[in-house]
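Each remark here refers to the structure printed beneath this line.
The values are calculated or read from the model by the stated rules, or taken from the named source; none is laboratory data. Please read all numbers here as calculations on a predicted model, not as lab measurements. Please note: Cβ atoms are built from the backbone with ideal geometry, for glycine as well, and neighbour counts cover all protein chains shown.
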Amino acid sequence: MQVLESMIHHGHERISFLNDPATGLRAIIAIHSTVLGNALGGTRRFHYVTESDALFDVLRLSEGMTYKAAAADLSLGGGKSIILLPRAGEQPTEAQGRAMGRFVESHGGTYIAAEDVGVSPQFCDWMAQECRHIMGGEAVSHGGDPSPWTALGCFNSMKACLRQLGRKVDFSSLSVGVQGCGATGFKLAKLLRTAGAAVMVTDVHVPSMKRAVEELGCVALGNDRNLFTEKLDVIAPCAMGGMLDHTTIKNLHCEIVCGTANNQLLNPAEDGALLKQRDILYAPDFIANAGGLIRLGGLHLGMTETLIDQKVSAIEETTLTVLRESVNAASTSDAAISYARRRIDAARQSKLNAHAGAR
């Protein structure tokens, strides 16, 4: 992958690489946009097969954060960072956390790190010992685990999907499949079960799946069956991205796709259009899963708890607005990107006008 060409294609402002021989840390920070403000986005620890896979992931994730912040009406830009693990399941260390903190600090606040896959509040606090621009810790930085707000925002987005289809907002008659019972998936399943939905779960980590069965009364999907071929009302992708592609979408038997995972569509333009052709309502991921960003971003910006809760609740109306606009768009995904870009373009034009007026 040619880095500069990829940056131009996705519209990125800056990509930084780190190799720290003392700790073995290898990391990438991608800042997509700072038009609306400094870029906030999580740090992901993950084992990638190739460096190209890692770069592709951080480019898409950081771009999605730009749209997520814009659609949520936050004065923040979009960025993301990844730590490339040499092998899956490698345990985090304080030395690597502190090295990552120094890497983030070198950006002078234009990038603000937080939690993502493989990163805990403890790791955030390790980073925060070396950096002033960390959210998601509990002792050194603040904000804690944002997953309850991510799950709640997705639940609110599901309500909008039901409204868009003219259905009663009543989960007691719904069957929902949750792919991934991690931090957000488990909490989403809990909200759904509390609301009366029948929930089917799957996870590559069997103990997580068993926990959802034992504590929430979910039904576990056997290893020989594919969640994306089950006949369900709603499918909620809550694991890694790229799970919805041409083949997966052709085999779906659901009315709604609404989950907490980032970058659910492998090829957004083509896959979003195919979902629309099949009359499957897709809640754009960066709107549905914005609750965690709203929580940490709101705290970073000095918002009150009440205002943060109001913004997470507003995900329902934002989703509904985009779904209605998508009637005249190629897909709900395209409509969501247009919705976010309108705010970004307006802010960019305002800055240009202010600059011109100052000359």
Exercise for the section: Among what's in the range 109-159 and is in a loop (DSSP other than H, G, I, E, B) and among the polar types (S, T, N, Q), pick the residue that is farthest from Thr260 (Cα to Cα). Expected result: Gln129
Handout entry: the range 62-84: number of residues that are among the aliphatic types (A, V, I, L, M) and surrounded by fewer than 24 Cβ atoms within 10 Å (Cβ to Cβ)
Key = 2
Handout entry: Criterion violated by Ala139 - all others in (1) surrounded by fewer than 17 Cβ atoms within 10 Å (Cβ to Cβ); (2) in the same structural domain as Cys238 (by TED's automatic domain parsing) satisfied
Key = (2)
Exercise for the section: Report whether or not Ala273 is at pLDDT 95 or above and buried (at least 21 other Cβ atoms within 10 Å of the Cβ). Expected result: no
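Just to be sure, is Leu299 in contact with a His (Cβ under 7 Å, 6 or more places away or on another chain) and either among the polar types (S, T, N, Q) or farther than 22 Å from Arg60 by Cα (or both)?
yes
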Exercise for the section: Among the residues of the range 313-342, write down those that are at pLDDT 95 or above and over 16 Å from Cys161 (Cα atoms). Expected result: Ala329, Ala330, Asp334, Ile337, Ser338, Tyr339, Ala340, Arg341, Arg342
Fill in the blank from the handout: Of all helices (runs of 4 or more DSSP H) fully inside the range 1-108, the set with 2 or more residues that are of a type in the set (Val, Ile, Thr) is 3-10, 51-71
Exercise for the section: Please enumerate the residues belonging to the range 248-258 that are surrounded by fewer than 18 Cβ atoms within 10 Å (Cβ to Cβ) and part of a loop (DSSP other than H, G, I, E, B). Expected result: Asn251, Glu255
Practice task
Scan (1) free of Cβ contacts under 8 Å to residues at least 40 places away in the same chain; (2) assigned to a loop (DSSP other than H, G, I, E, B); (3) out of contact with any Leu (no Cβ under 6 Å at 6 or more places or on another chain) for the single condition Ala261 breaks and write down its number.
Solution key: (1)
Handout entry: Residue that is farthest from Thr260 (Cα to Cα) [pool: residues in the range 160-191 that are at pLDDT below 95 and in a helix (DSSP H, G or I)]
Key = Ser173
Problem - Failed criterion for Gly109 (all others in (1) of a type outside the set (S, T, N, Q); (2) touching a residue at least 24 places away in the same chain (Cβ under 8 Å); (3) farther than 30 Å from Glu13 by Cβ hold) - result: (3)
Fill in the blank from the handout: Of the residues in the range 192-247, those that are touching a helix residue (DSSP H, G or I) at 6+ places or on another chain (Cβ under 8 Å), over 25 Å from Asn156 (Cβ atoms) and outside any loop (DSSP other than H, G, I, E, B) number 2
Practice task
Might you let me know whether the range 319-334 holds any residue that is under 15 Å from Leu74 (Cα atoms) and in contact with a Ser or Thr (Cβ under 9 Å, 6 or more places away or on another chain)?
Solution key: no
Handout entry: Odd one out for Asp245, checked against (1) surrounded by 18 or more Cβ atoms within 10 Å (Cβ to Cβ); (2) within 20 Å of the chain's Cα centre (by Cα)
Key = (1)
Completion exercise
Picking from Ala71, Ala88, the residue that is among the hydrophobic types (A, V, I, L, M, F, W, C) and modelled with pLDDT of 95 or more would be Ala71
Practice task
Report yes if some residue within the range 304-314 is in the same structural domain as Met243 (by TED's automatic domain parsing), charged (D, E, K, R) and buried (at least 24 other Cβ atoms within 10 Å of the Cβ); otherwise report no.
Solution key: no
